Amino acid sequence: YARRYNVPIDKMDEVEFKIRSNDRLHSSLNPRATLHEQGTFEQEAKKAGYKDALEYWKKTNPISTWPVRAKSFLTPADGASAYIVCAPEIAKSFTDKDPIDILGWGWSTTNSPFFSDPLRWTAHEKAFNDAYKMAKITPKEIDYMSTHSCSATMAELATCEQSGYFEKGEAWKGILDGRTLYSGDKPMNTSGSRHAFGHAWTASAGAELYEIVKQFRGEAGKRQVKNDMDVAVLQNEGALFHAAVSVLGRR
């Protein structure tokens, strides 16, 4: 990614920090997140005697495989999630709240190795395109994006660009500018995602679906997105290798 889009090496380190810093901020605003009580990286840095959170990130957080550092990693977690999928007329018998519509869905799989170009995953591409076609939307209509965030660089740079949520080579700038925060114009993964919860594998997708429903209904509390959400996209994946994309809409 850095090579293709001429992103300086130090800047990539800052981008990686910002992605996980955003996760921690969203986690601090989400009482259900396992990292909720740990607060933000800025608070953690201050407690450790650092005035600058990025300096704290670099000096106390060893590199594993560049640009990934120790605090970039997720923790495996146990968990379960459940949701009801049914016809719209039946949904009203389960809740007096507005149901959330499934506008489109796409799924694709491929063999390993699952890409020739590391920034273009064909299974993702087909799943996104099929879901958008069924939903009759374009990427410009998306108000919220949830990506499979086990890998910060892959999910919040490559995947969100492949989805069309950001133009190619532009996501890193948007992340540094705060656009993907709950308060930004292109919010992503506002639950804190897998970094905040740990990764419970299949259950993690249900947790992100739950977050989208809460955001649609204006029930996300302090991390409620600032834009009016009408269309949200949920992307998930698994080895080796499948990709699933759902387009969700508010009535």
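Values as computed for the structure displayed
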{"quantity": "Residue selected from segment 143-155 under the condition touching a residue at least 40 places away in the same chain (Cβ under 8 Å) and open to solvent by 10 Å² or more (accessible area, probe 1.4 Å), by the criterion farthest from the chain's Cα centre (by Cα)", "calculated": "143"}
{"quantity": "Only listed residue being surrounded by fewer than 21 Cβ atoms within 10 Å (Cβ to Cβ) and not polar (S, T, N, Q), chosen from 192, 198, 174", "calculated": "198"}
{"quantity": "Of the criteria (1) under 25 Å from the mean Cα position of the chain (by Cα); (2) open to solvent by 50 Å² or more (accessible area, probe 1.4 Å); (3) of a type in the set (S, T, N, Q), which one residue 61 fails", "calculated": "(2)"}
{"quantity": "Any chance residue 112 is surrounded by fewer than 17 Cβ atoms within 10 Å (Cβ to Cβ) and closer than 17 Å to residue 1 by Cβ", "calculated": "no"}
{"quantity": "Pairs with Cβ under 9 Å, 6+ apart, first in segment 222-235 and acidic (Asp, Glu), second buried (at least 22 other Cβ atoms within 10 Å of the Cβ) and not in a loop (DSSP other than H, G, I, E, B)", "calculated": "230/216"}
{"quantity": "Residue list for segment 217-233, restricted to those being under 22 Å from residue 36 (Cβ atoms) and surrounded by 14 or more Cβ atoms within 10 Å (Cβ to Cβ)", "calculated": "217, 220, 223, 224, 225"}
{"quantity": "Failed item in (1) touching a Phe, Trp or Tyr at 6+ places or on another chain (Cβ under 7 Å); (2) open to solvent by 40 Å² or more (accessible area, probe 1.4 Å), with residue 24 passing the rest", "calculated": "(2)"}
{"quantity": "Residue 214 vs. criteria open to solvent by 10 Å² or more (accessible area, probe 1.4 Å), under 13 Å from residue 143 (Cβ atoms) and without any contact (Cβ under 8 Å) to a residue 60 or more places away in the chain", "calculated": "no"}
{"quantity": "Which numbered condition residue 67 fails, given (1) in contact with an Asp or Glu (Cβ under 9 Å, 6 or more places away or on another chain); (2) open to solvent by 30 Å² or more (accessible area, probe 1.4 Å); (3) closer than 24 Å to residue 174 by Cβ", "calculated": "(2)"}
{"quantity": "Among the candidates 37, 55, residue that is open to solvent by 30 Å² or more (accessible area, probe 1.4 Å), closer than 23 Å to residue 187 by Cα and more than 16 Å from the chain's Cα centre (by Cα)", "calculated": "37"}
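The values are calculated or read from the model by the stated rules, or taken from the named source; none is laboratory data. Being a predicted model, the structure only gives us computed values, none of them experimental. Ideal geometry is used to build each Cβ from the backbone, glycine not excepted, and the neighbour counts take in all protein chains shown. Protein only, heavy atoms only, side chains kept; ligands, DNA and RNA dropped before computing areas. Shrake-Rupley method; radii C 1.70, N 1.55, O 1.52, S 1.80 Å.
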